[in-house]
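Here's the structure we're looking at; comments come further down.
The values are calculated or read from the model by the stated rules, or taken from the named source; none is laboratory data. Nothing here was measured: the structure is a model prediction, and the numbers come from that model. Positions of Cβ are backbone-derived with ideal geometry, glycine not excepted, and every protein chain shown enters the neighbour counts. Accessible surface areas use protein heavy atoms only, side chains included; no ligands, DNA or RNA. Shrake-Rupley method; radii C 1.70, N 1.55, O 1.52, S 1.80 Å.
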Amino acid sequence: MRIEKLKVKMLTENIDSLLITDMKNIFYLTGFSGTAGTVFLTQKRNIFMTDSRYSEMARGLIKNFEIIETRDPISLLTELSASESVKNMAFEETVDYAFFKRLSKAATKLDLFSTSNFVLELRQIKDESEISLIKKACEIADEAFMSALRFIEPGRTEIEVANFLDFKMRDLEASGISFETIVASGKRSSLPHGVATSKMIQFGDPVTIDFGCYYEHYASDMTRTIFVGSVDDKMRTIYETVRKANEALIKQVKAGMTYAQYDNIPREVIEKADFGQYFTHGIGHGLGLDVHEIPYFNQSMTENQLRSGMVITDEPGIYLPEFGGVRIEDDLLVTENGCEVLTKAPKELIVI
């Protein structure tokens, strides 16, 4: 079904042949998860190329493709293009320059042009099997967070907390972390992407934790901010403002909402509380095989609309330099009439 949808898209855009080299896109189309592979598509043929390390694996795994063993896919591509009488070849814009130079030199009779997000646009809408795997990745993150609440205490370092979460998620059957775990405590919580350091967590610190995992190739991405020992009134106000912004979006999101509206709903909550200048990033992004993928959101995107089956993040934050910050992030499955929140970890203000 995915290949058929892709070929309809090729016809619509007058693409005779399509070269796919991004391994996440190759996995999406074939189920192949090795480290070397190339997909070449025409309207008549589906061809998967790999070297001898993976040819046996590919033949046992990939359905409805011709499997060709080669260490020189570019030479083979030129031969295949000639035999199929194709006039043009689209390639992914993510190919490296060296590959593009070799391809251009070999395929002199073809009109070569790049495509942007050609497969990713299909990946935006998740099917039931994908949703099930993302839900499992979120469940692992939820459980790891609850365990971390029992681990965090004054005297622990940010790195110790990050390592605890990383190993706990692996204990819960994650295949790995989906990005480098962020743990930012005290004043460092004003850094939206504060990488964990050897700083010790102290009594009275806010601790922002942004983390996630991969489960069978699909990612989760969650952020919670907690407080150690106590929380002052100003930080409590900031926390409740961020929580209200997060939940306001959850209540209103549904298919058909524009990307600009999606970004604006939580931003309005934060602006009305006079913290607008301290919300310094976009509201979220798509989630799937990559932890950050399309769609992305900003105020200028008044035409693009959410569609049922998208999995996206809702991550408002307020960051006061040299004081501290709060972010709360959930993963949402967009439906026709609303959304399903996939991350279930508590969001009421937590003091441990």
Quiz item: So who's got an amide H within less than 5 Å of the one on Ser178, skipping anything under 5 residues away but keeping other chains? H placed 1.01 Å off N, in plane.
Solution: Gly212, Cys213, Tyr214
Quiz item: For Arg170 and Met301 in the same chain, what is the full-extension length gain: residue separation times 0.36 nm, less their Cα-Cα distance, in nm?
Solution: 43.4 nm
Quiz item: Between Val351 and Val195, what is the spin-label point distance in nm, taking each point 7 Å from the Cα along the Cα→C-beta axis?
Solution: 3.4
Quiz item: Short version: ³J(HN,Hα) in whole Hz for each residue of the range 180-185, in order, from phi by Karplus 6.51 cos²θ - 1.76 cosθ + 1.60 (θ = phi - 60°), x for Gly and Pro, what are they?
Solution: 5, 4, 9, 10, 10, 10
Exercise. Determine how large the accessible area of Lys244 is when every protein chain is in place; take a 1.4 Å probe and give Å² rounded to the nearest 10.
Key: 120
Quiz item: So what's the net charge close to Leu6: Lys and Arg +1, Asp and Glu -1, counting the other residues with Cβ under 12 Å from its Cβ?
Solution: +2
Quiz item: In terms of solvent-accessible area of protein heavy atoms at a 1.4 angstrom probe, what is the ranking of Val86, Val161, highest value first?
Solution: Val86, Val161
Practice problem: Mind checking the full-extension length gain between Asp51 and Asp232? Use 0.36 nm per residue of separation minus the Cα-Cα distance, one decimal, nm. | Solution: 59.1 nm
Self-check item: Phi to ³J(HN,Hα) by Karplus 6.51 cos²θ - 1.76 cosθ + 1.60 over the range 294-306, Hz, x for Gly, Pro
Solution: 5, x, 10, 10, 7, 5, 8, 8, 8, 9, 5, 10, 5
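Could you give the C-alpha radius of gyration of the range 1-121 expressed as a fraction of 2.2 N^0.38 Å, taking N as the number of residues it contains?
Computed over Cα atoms of the range 1-121, the ratio equals 0.97.
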Quiz item: Counting only residues 5 or more places away or on other chains, whose amide H sits under 5 Å from the amide H of Leu112 once H atoms are built in the peptide plane?
Solution: Met89
Practice problem: Estimate the FRET efficiency between Gln43 and Lys109 by the formula 1/(1 + (r/R0)^6), using the beta-carbon distance for r and 25 Å for R0, to the nearest 0.05. | Solution: 0.85
Quiz item: Can you list residues whose amide H is under 5 Å from Gly324's amide H, if they're 5+ apart or on another chain and H is modeled 1.01 Å from N?
Solution: Ser190
Self-check item: Lys251 paired with Val8, simple spin-label distance in nm, labels 7 Å along Cα-to-beta-carbon
Solution: 3.8
Quiz prompt | DSSP-defined beta bridges in the range 1-121 - what % are antiparallel, rounded to 5 | solution = 40
Quiz item: Thr70: accessible area at probe 1.4 Å, nearest 10 Å²?
Solution: 30
Self-check item: Descending Cα extents along the principal axes, the chain, whole Å
Solution: 72, 42, 35
Exercise. Between Glu336 and Glu216, take the C-beta separation as r, use R0 = 30 Å, and let me know the FRET efficiency to the nearest 0.05.
Key: 0.65
Quiz item: Counting only protein chains, not ligands or nucleic acids, how are Val39, Val8 ordered by accessible area (probe 1.4 Å), most first?
Solution: Val8, Val39
Quiz item: In whole Å, how far is the Cα centre of the range 161-218 from that of the range 1-56?
Solution: 35
Practice problem: Give a residue-ordered list of calculated ³J(HN,Hα) values for the range 343-352 (Karplus: 6.51 cos²θ - 1.76 cosθ + 1.60, θ = phi - 60°; whole Hz; x for Gly, Pro). | Solution: 8, 10, 4, x, 10, 5, 4, 10, 10, 10
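Answer rounded, prolate or oblate for the range 174-239, using the Cα gyration tensor with square roots of eigenvalues a ≥ b ≥ c: rounded when a/c is under 1.5, else prolate when a/b is larger than b/c, else oblate.
Note, shape of the range 174-239 comes out prolate.
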Quiz item: Among rounded, prolate and oblate, which fits the range 276-352 when a ≥ b ≥ c are the square roots of the eigenvalues of its C-alpha gyration tensor, a/c under 1.5 means rounded, and a/b larger than b/c means prolate?
Solution: oblate
Quiz item: Is the shape of the range 158-305 rounded, prolate or oblate, going by the alpha carbon gyration tensor and its root eigenvalues a ≥ b ≥ c, with a/c under 1.5 for rounded and a/b larger than b/c for prolate?
Solution: oblate
Quiz prompt | Accessible heavy-atom area order of Thr38, Thr197, highest first, probe of 1.4 Å | solution = Thr197, Thr38
Quiz item: Separation between the Phe100 and Thr35 pseudo-spin-labels, each 7 Å from Cα along Cα→Cβ, expressed in nm?
Solution: 2.5
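What is the antiparallel percent of DSSP beta bridges lying wholly in the chain, to the nearest 5?
Antiparallel: roughly 75 percent of the beta bridges in the chain.
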